[in-house]
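K.L.:
Take this structure first; my questions come after.
The values are calculated or read from the model by the stated rules, or taken from the named source; none is laboratory data. Worth saying up front: this structure is predicted, and the values here are computed from it rather than measured. As a convention, Cβ positions derive from the backbone with ideal geometry for all residues, glycine included, and neighbour counts pool all protein chains shown.
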Amino acid sequence: MKENKIFSILQRIGRSFMLPIAVLPVAGLLLGIGASFTNPTTIESYKLGKILGEGTILHMILTVMSNAGDAIFGTLPLIFAVGVAIGMAKREKEVAALSAMIAFFVMHTSINAMLKTHGQILADGTVAEHVLGGTIGSIVGIQSLQMGVFGGIIAGLGVAYLHNKYYQIELPQILSFFGGSKFIPIISTVVYVFVGIAMYYVWPPVQNGIYALGGLVTGSGYFGTLIYGLIERSLIPFGLHHVFYLPFWQTGVGGTLQVGGELVQGAQNIFFAELGDKNWTGMFTIEHARFMAGKFPFMIFGLPAAALAMYHTAKPENKKVVGGLLISAGLTAMITGITEPIEFSFLFVAPVLYIVHALFAGISFMMMHILNIPIGQTFSGGLIDFFLFGILQGNAKTNWLTMIPLGLTYSVVYYFMFRTLITKLQLKTPGREDSSEEVKLYSKADYLEKQGASANAAKEAGVNEQILLVAQGLGGLENITDVDACATRLRTTVKDVSLIDEAALKQSGSLGVIKAGNGVQVIYGPRVSIVKSQLEEYWHNNH
């Protein structure tokens, strides 16, 4: 029971990370295009001076784009503070967001005051000579300890706790105006004055520990990269992969590097700092990019080939039914790097295939490290990020041409490995079920009719039939206590997990259901945000 509660909390933290992570693709797009085409080396190499040289309109627009993207990466700690608070708050999320922003500034201002009091920041604003380089920096304009996104997460989680505990507090009559949600910014301000003071003493040893852990990971070489990739894929079924990879991408665990005269922490931040530095002429550093680059071979080449193998091994009479699912899932993985639709198509029915897939994912990370292919990413390893941060940056910086033969090899290996295991072990992948009834796609109206409900119920409730099925599958509106979503999963909390109707969820378009304690994850793929918003509106209007 205790394990389930911990698992549920970790899931909530993981999903809360998704809101700030979701902004990274557009930031990367702006920075990637802007920095690439304003780089003097690129302009000179492709003879684009007349079109993109300094003083041209395009150069001005691209510079604005680059600076806009860089601003998002530069304010990620604050974005995480607000995003995590929104994700963890149960009600009145807008109050939690405002309170987290206030707490973030109060915490760093308190740290700044402590640094000045103890002579680490001098009266003229410069850092004292005895202070170790890189430990103090500008955090959204405030000189403070370099806490990175950890500072934002500390603010977001703490405020969310205070918010969930006190947002309905009743104060004495004389102070009643400050009760309820108005109390949250007040208590957050007071608490984070003391959190900031505490962080002055607590953070330096924590930071040293993070650097030591980062050094241990970096020193583990190719084997460490393999283990990283293996663990990252193994956590996908539990929805905890965001909790695992985020420290590598955004903190000193993923390494530190001086770029443009500033100490940058975290693999993703280092990659984009290198990309945005006009004076960076050499290859991007693989020691940091290795925590991202390994996704490209199996996402662009491997999983689409696995989808083809599953299609070819489906029963002839079922190929038409499963073809659309597998083709769309394979293309989604290839183009966007969102792999859960294809992974969940075989995870539950043939776990051995997922074990093999996770192992090959780990090997993919290791091979990209060995071959020195430092391609970064904003969100996932699809063709979009491969073009922007691999091809567009030039082979001299990313060695992207070397990945093509590796990727083609992955296509062959995945196809024949999946096809062999499916046929030899008689695995029940999509289209190979024992009964055609299993793969028959009933209309939603048919299924509702079978359950004794009328399709008109959806119309009467003001929702489409899919949302009615989702609610029914979750045990009814009264059984739902929380609704949220990440990139591909509807993440809910229910009162009684035994009321879950997986058949109804399957008919609603679900690719799979994961239950842990009172937490239920329903996989819908990239359109889950629409399902979530419609279900949430239906739930609030009728609960």
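K.L.:
Restricting to the stretch 93-134, name every residue that is surrounded by 11 or more Cβ atoms within 10 Å (Cβ to Cβ) and on the phi > 0 side of the Ramachandran plot.
P.N.:
Residues satisfying the conditions are 119, 134.
K.L.:
List the number of the failed condition for residue 88; all other conditions in (1) within 21 Å of residue 242 (Cα to Cα); (2) out of contact with any Leu (no Cβ under 7 Å at 6 or more places or on another chain) hold.
P.N.:
(2)
K.L.:
Please go through the stretch 227-249 and pick out each residue that is part of a helix (DSSP H, G or I) and either of a type in the set (A, V, I, L, M, F, W, C) or touching a Leu at 6+ places or on another chain (Cβ under 7 Å) (or both).
P.N.:
Listed by number, the residues that qualify are 227, 230, 231, 236, 237, 238, 241, 243, 244, 246, 248, 249.
K.L.:
Given the residues 202, 191, 217, which is the only one that is more than 29 Å from residue 340 (Cβ to Cβ), buried (at least 16 other Cβ atoms within 10 Å of the Cβ) and of a type in the set (Val, Ile, Thr)?
P.N.:
Result: 191 is the single residue among 202, 191, 217 that is more than 29 Å from residue 340 (Cβ to Cβ), buried (at least 16 other Cβ atoms within 10 Å of the Cβ) and of a type in the set (Val, Ile, Thr).
K.L.:
Collect the residues in the stretch 319-333 that are in contact with a Leu (Cβ under 7 Å, 6 or more places away or on another chain), surrounded by fewer than 23 Cβ atoms within 10 Å (Cβ to Cβ) and under 26 Å from residue 25 (Cα atoms), keeping them in residue-number order.
P.N.:
330
K.L.:
Quick one: count up the residues across the stretch 413-429 that are surrounded by 13 or more Cβ atoms within 10 Å (Cβ to Cβ) and either of a type in the set (A, V, I, L, M, F, W, C) or under 26 Å from the mean Cα position of the chain (by Cα) (or both).
P.N.:
7
K.L.:
Take the residues in the stretch 135-154 that are under 9 Å from residue 108 (Cβ atoms) and in contact with a Leu (Cβ under 9 Å, 6 or more places away or on another chain), then tell me which one is surrounded by the fewest Cβ atoms within 10 Å (Cβ to Cβ).
P.N.:
Checked the stretch 135-154; the qualifying residue surrounded by the fewest Cβ atoms within 10 Å (Cβ to Cβ) is 140.
K.L.:
Which ones in the stretch 384-399 are buried (at least 18 other Cβ atoms within 10 Å of the Cβ), within 13 Å of residue 300 (Cα to Cα) and of a type in the set (A, V, I, L, M, F, W, C)?
P.N.:
Correct list: 384, 386.
K.L.:
Here's another thing I want to ask about it. Quick check on my filter: what residues within the stretch 119-154 are more than 20 Å from residue 82 (Cβ to Cβ), part of a loop (DSSP other than H, G, I, E, B) and free of Cβ contacts under 8 Å to residues at least 60 places away in the same chain?
P.N.:
Within the stretch 119-154, 119, 120, 122, 123, 124, 125, 126, 128, 129, 130, 131, 132 qualify.
K.L.:
Of all residues in the stretch 137-164 being over 25 Å from residue 209 (Cβ atoms) and out of contact with any Lys or Arg (no Cβ under 6 Å at 6 or more places or on another chain), which is modelled with the lowest pLDDT?
P.N.:
141
K.L.:
Considering every residue within the stretch 326-337, establish whether at least one is touching a residue at least 60 places away in the same chain (Cβ under 8 Å), closer than 15 Å to residue 381 by Cα and among the hydroxyl-bearing types (Ser, Thr, Tyr).
P.N.:
Yes, the stretch 326-337 has at least one match.
K.L.:
Anything in the stretch 250-271 that is outside any loop (DSSP other than H, G, I, E, B), within 19 Å of the chain's Cα centre (by Cα) and either among the polar types (S, T, N, Q) or under 18 Å from residue 377 (Cβ atoms) (or both)? List them, or say none.
P.N.:
Correct list: 250, 253, 254, 265, 267, 268, 269, 270, 271.
K.L.:
Let me ask something else. Can you tell me which residue within the stretch 364-383, out of those that are buried (at least 19 other Cβ atoms within 10 Å of the Cβ) and in a helix (DSSP H, G or I), is nearest to the chain's Cα centre (by Cα)?
P.N.:
Checking each candidate, the answer is 365.
K.L.:
At least 2 residues that are among the hydroxyl-bearing types (Ser, Thr, Tyr), within 29 Å of the chain's Cα centre (by Cα) and at pLDDT 75 or above in each: list the helices (runs of 4 or more DSSP H) lying fully within the stretch 445-534 that qualify.
P.N.:
Passing ranges: none, list empty.
K.L.:
Name the single residue that is farthest from residue 94 (Cα to Cα) among those in the stretch 169-188 being touching a residue at least 60 places away in the same chain (Cβ under 8 Å) and in contact with a Leu (Cβ under 9 Å, 6 or more places away or on another chain).
P.N.:
188
K.L.:
A further question follows. Which pairs have Cβ atoms under 9 Å, sit 6 or more apart or on different chains, and link a residue in the stretch 495-510 that is touching a residue at least 60 places away in the same chain (Cβ under 8 Å) to one that is buried (at least 18 other Cβ atoms within 10 Å of the Cβ) and of a type in the set (Asp, Glu)?
P.N.:
Hits for this filter: 508/465.
K.L.:
Just to be sure I understand the filter: pairs with C-beta atoms under 8 Å, separated by 6 or more residues or on different chains, first member in the stretch 37-56 and closer than 19 Å to residue 389 by Cβ and surrounded by 13 or more Cβ atoms within 10 Å (Cβ to Cβ), second member among the small types (Gly, Ala, Ser) and modelled with pLDDT of 75 or more. Which pairs pass?
P.N.:
From residues that are closer than 19 Å to residue 389 by Cβ and surrounded by 13 or more Cβ atoms within 10 Å (Cβ to Cβ), the pairs are 38/66; 42/394; 43/49; 43/53.
K.L.:
Right, another one. Considering each residue of the stretch 226-244, count those that are under 18 Å from the mean Cα position of the chain (by Cα) and modelled with pLDDT of 85 or more, and give that number.
P.N.:
7
Listed here are the residues, each with its yes/no results for (1) modelled with pLDDT of 90 or more; (2) under 24 Å from residue 165 (Cβ atoms).
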residue: 35; (1), (2): no, no
residue: 45; (1), (2): no, no
residue: 91; (1), (2): no, yes
residue: 99; (1), (2): yes, yes
residue: 135; (1), (2): no, no
